[in-house]
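Colleague: One structure coming up, written as structure tokens, with questions to follow.
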Amino acid sequence: MKGRHGTTDPLLLIPGPVDVHPSVLATFAQPVVPHYGAEWTAVYNATVDLVKQLFMTRHDAFLIPGSGSAGLDAGIGSLLKEGDTVLIGINGYFGGRLKEIALTHGATVVEVTAEWGSPVAVEAVEQALREHPEAKAGLFVHCETSTGVLNPIERIGPLLRQRGVTFMVDAITSAGGESFRMDDWDIDIAVSASQKCVAAPPGLAMVAVGPQGWKGMENRARKPRGWYLNLLTWRQYRDAWADWHPFPVTEPTSNVLALKAAIELALKDGLPDRISLHRRASGLFREGLAALGIELVAEGTYAAHTVTAAVSPSGAESSRLIEYLLASRNIRIADGMGKTANKWFRVGHMGGSATDPRIIEALLEGIGAFCRRR
Ligand SMILES: *Cc1c(COP(=O)(O)O)cnc(C)c1O
């Protein structure tokens, strides 16, 4: 197949980074502009407003230079100090990353686990809350990108809120791609990244904070360590330098402009329409895999629409399938992560190529041809 935008570059069907629209790339390629002054402040604030639409929040949002994990580290480090108890949902690789980050901040981690491929059970969260009344925060991944499972965030939020436990969600492959309602679901801190659902270049973490999130940071006995990834620093500068430089550091202006263009493009027909795009793409792909007799990892209502994980056909190492699709179809898909490496494969349904039905058909045809060769 022809590659991206008429080049020979492989079509990118991995769960991030994803294909960036040519109009967004054109924005990215403009001469660099400075990161302060009234004009830039208006651009930055308009981008923050767009980010708030993605998270469906009326509260605060920040664009932190860095990948999604910078946003996770900022949220967790601002909230937790040594000895604080935190509940963490772990049913895949990225739940494990939340734990890894929380441990570096000295928190005591209570794991709420489920098998890779299953969602975290609401009952297990309830039980952990009963057993750990000292819990200060709960950290959960919405779309677990390693398995394509959606966790029941909308049901977990009210449980934590009832007990005054701060709720932080990794929405990196859900905000802007799935229904994600920060305020309605009692989420206090939400994190996403530019290179996933909204299909901008990598480089910016998007972090939203509600009133209970701020309260959780203000109520700590010792202020957060560190300055850059401390959300209180970001709030302080947003307010103190509001009229010319509403953030503490040099914003990567080209990345912000590209993110703004990408979100405007994503939301041009409204968020519900954008979400349907992922639903159609994942539905088409899942049906095609099922028709080939390939086992899907996530089932039914908890299957994500932004990423699909499946078991590699007829016991083949998934690296074989990945190499075959790249060599014969010029399509790049992703391997399983962690313990599922070389056993599962993953396909992202974010960005232009990955949601194009013709490209999904071509991918399915390639996977079918791989199956028949064996
Ligand atoms: C991609 C991803 C991350 C990591 O994001 P980086 O931008 O690589 O730091 C974290 N969580 C989830 C669910 C992801 O999909």
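Colleague: Name the shape class, rounded, prolate or oblate, that the alpha-carbon gyration tensor gives for the range 324-369, where a ≥ b ≥ c are the square roots of its eigenvalues, rounded holds for a/c under 1.5, and otherwise prolate holds if a/b is larger than b/c and oblate otherwise.
Modeller: Taking the square roots of the gyration eigenvalues as a ≥ b ≥ c, the range 324-369 is oblate.
Colleague: Under the 0.36 nm per residue contour assumption, what length would be gained going from the current alpha-carbon distance of Arg220 and Thr250 to full extension?
Modeller: 8.0 nm
Colleague: Take each complete run of DSSP H in the chain, measure how far its Cα atoms stretch along the helix's own axis, and keep only those covering 15 Å or more with mean Kyte-Doolittle hydropathy at least 0.5; list them.
Modeller: Helices meeting the span and hydropathy rule in the chain are 68-79, 253-266.
Colleague: Here's another thing I want to ask about it. Between Asp243 and Glu82, what is the label-to-label distance in nm when each label sits 7 Å out along the Cα-to-Cβ direction?
Modeller: A separation of 4.3 nm, rounded to one decimal place.
Colleague: Taking the chain, how much of its Cα-Cα pair set, in percent, is spaced more than 40 angstrom apart? Numbers along the way, then the final one.
Modeller: Values: 9637 of 69751 pairs.
Summing the P(r) tail past 40 Å for the chain gives 14 percent.
Colleague: Spin-label point model (7 Å from Cα, Cβ direction): what's the Leu267 to Arg4 distance in nm?
Modeller: About 2.4 nm separates the two model spin labels.
Colleague: Report the residue, chosen from Ser282, Ser328, Ser118, that carries the largest GNM mean-square fluctuation when the chain is represented by alpha-carbon nodes joined by springs under 10 Å.
Modeller: Comparing Ser282, Ser328, Ser118 in the GNM, the peak value goes to Ser328.
Colleague: How much length is gained on full extension from Leu25 to Ser314, taking 0.36 nm per residue of separation minus their Cα-Cα distance?
Modeller: Working: separation 289, 0.36 × 289 = 104.04 nm, distance 3.96 nm.
Length difference between fully extended and current span is 100.1 nm.
Colleague: If the cut-off is a Cα-Cα distance under 14 Å, which aspartates and glutamates reach Lys196, setting aside same-chain residues fewer than 8 apart in sequence?
Modeller: The reachable aspartates and glutamates, counting only those whose Cα sits under 14 Å from Lys196, are Asp19, Glu144, Asp170, Glu178.
Colleague: How would Cys143, Cys371 line up from fewest to most surrounding beta-carbon atoms within 10 angstrom? Can you show the working numbers first?
Modeller: Values: Cys143 31, Cys371 15.
By the 10 Å Cβ count, ascending, the order reads Cys371, Cys143.
Colleague: Could you tell me which chymotrypsin sites (Phe, Trp or Tyr not before Pro) in the range 199-251 are loop residues by DSSP with no more than 13 other beta carbons within 10 angstrom of their beta carbon?
Modeller: For chymotrypsin sites (Phe, Trp or Tyr not before Pro) across the range 199-251 that sit outside H, G, I, E and B with at most 13 neighbouring Cβ atoms in 10 Å, the list reads Trp227, Trp244.
Colleague: If you don't mind, there's one more thing I want to ask. Treating only the Cβ of Lys, Arg, Asp and Glu as charged (+1, +1, -1, -1), what charge dipole size does the range 255-345 show about its Cα centre? Round to the nearest 20 debye.
Modeller: Details: 11 positive and 9 negative charges, 31 e Å.
Here the size comes out at about 140 debye.
Colleague: Which of these, Thr41, Thr85, Thr301, has the largest mean-square fluctuation under a Gaussian network model of the chain (Cα springs below 10 Å)?
Modeller: Thr301
Colleague: Which of the pairs Lys215/Lys268; Lys2/Lys343; Lys268/Lys343; Lys2/Lys268 have their Cα atoms more than 30 Å apart in this structure?
Modeller: Checking Cα-Cα distances, Lys215/Lys268; Lys268/Lys343 exceed 30 Å.
Colleague: With +1 on each Lys and Arg Cβ and -1 on each Asp and Glu Cβ, and nothing else charged, work out how big the dipole of the chain is about its Cα centre, in Debye to the nearest 20.
Modeller: On the way: 37 positive and 39 negative charges, 104 e Å.
Approximately 500 debye in magnitude.
Colleague: Give the residue from Ile275, Ala309, Leu289 lying farthest towards the positive end of the charge dipole for the range 228-369; charges sit on Cβ (+1 for Lys and Arg, -1 for Asp and Glu) and the dipole is referred to the Cα centre.
Modeller: Ala309
Colleague: Here is a further query. Of all DSSP beta bridges located in the chain, what percent are antiparallel, nearest 5?
Modeller: 50
Colleague: GNM, the chain, Cα, under 10 Å: largest mean-square fluctuation among Ile189, Ile263, Ile294?
Modeller: Checking each option, the largest mean-square fluctuation is seen for Ile294.
Colleague: A follow-up question, please. In a shell of Cβ-Cβ distance under 13 Å around Ala205, excluding Ala205 itself, what net charge do Lys and Arg (+1) and Asp and Glu (-1) give?
Modeller: With Lys, Arg at +1 and Asp, Glu at -1, the net is -2.
Colleague: Also, quick follow-up: Using a cut-off of 11 Å between beta-carbons, work out the net charge of the residues near Gly288 (Lys and Arg +1, Asp and Glu -1, Gly288 not included).
Modeller: Taking every Cβ under 11 Å from that of Gly288, the sum is -2.
Colleague: Given labels modelled 7 Å from the Cα in the Cβ direction, how far is it in nm from Arg373 to Ser276?
Modeller: About 3.8 nm, to one decimal.
Colleague: Once you list every other residue whose beta carbon is under 15 Å from the beta carbon of Gly37, what net charge do they have if Lys and Arg are +1 and Asp and Glu are -1?
Modeller: -3
Colleague: At 0.36 nm per residue, and after removing the present C-alpha to C-alpha distance, how many nm does the segment from Val33 to Glu365 gain when stretched out fully?
Modeller: 115.0 nm
Colleague: Taking square-rooted eigenvalues a ≥ b ≥ c of the alpha carbon gyration tensor, is the range 160-270 rounded, prolate or oblate, where a/c under 1.5 means rounded and, failing that, a/b exceeding b/c means prolate?
Modeller: Oblate, since a/c reaches 1.5 and b/c is not below a/b.
Colleague: Next question, about the same structure. Considering the zone a paramagnetic label at Glu131 would reach in this model (a point 7 Å from Cα along the Cα-to-Cβ line), which residues of the range 80-110 have amide N under 14 Å from it?
Modeller: Those under the cut-off are 86-90, 109-110.
Throughout, read-outs are computed from the coordinates displayed, never taken from laboratory work. As the structure is a prediction and not an experimental result, all values here were calculated from the model. In this analysis, Cβ positions are derived from the backbone assuming ideal geometry, glycine residues included, and neighbour counts consider all displayed protein chains.
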